[in-house]
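The values are calculated or read from the model by the stated rules, or taken from the named source; none is laboratory data. All figures in this text were calculated on a predicted structure; none of them were measured in a lab. Using ideal geometry, Cβ is built from the backbone for each residue, glycine included, and neighbour counts are taken over all protein chains shown.
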Amino acid sequence: MEVNRDQVLRMAKLSRLELSEAEVEKMTQSMNQLVEYMTILKKIDLKDVEPMLAVDTSIRNLRPDELAPSLDKELAFRNAPSINMDHFSIPKVIGG
């Protein structure tokens, strides 16, 4: 399979990308290299290779859950710009 210019232009349109002619040419070459590499990978015999479940299978030493005192509400609110009904109040960001 080979990626052609029209396919790159179609992918660019679907991705809402505007590519120059030089970028289209470069992208076509890159995609063809990728397809060529994937073809090589498909030819590798992996029937004797055990599937990998995780990159790192070492044992994780987790700390035990321990009850600890929380941050005092007054101390937490001390540097808050605004408080509303025992909650931090921040300026509206979306739709404001």
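Just a few scattered comments:
- Verdict on L46 being hydrophobic (A, V, I, L, M, F, W, C), outside any helix (DSSP H, G or I) and in contact with an Asp or Glu (Cβ under 9 Å, 6 or more places away or on another chain): no
- Of all residue pairs spaced 6 or more apart or on separate chains, those with beta-carbon atoms under 9 Å, a first member in the range 8-31 that is modelled with pLDDT of 95 or more and a second member that is among the polar types (S, T, N, Q) and surrounded by 10 or more Cβ atoms within 10 Å (Cβ to Cβ) are V8/T28; T28/N4; T28/Q7; M31/Q7.
- Among the residues making up the range 74-91, none is outside any loop (DSSP other than H, G, I, E, B) and either touching a residue at least 60 places away in the same chain (Cβ under 8 Å) or at positive phi (or both).
- Qualifying residue in the range 51-66 (condition: part of a helix (DSSP H, G or I) and among the charged types (D, E, K, R)): no
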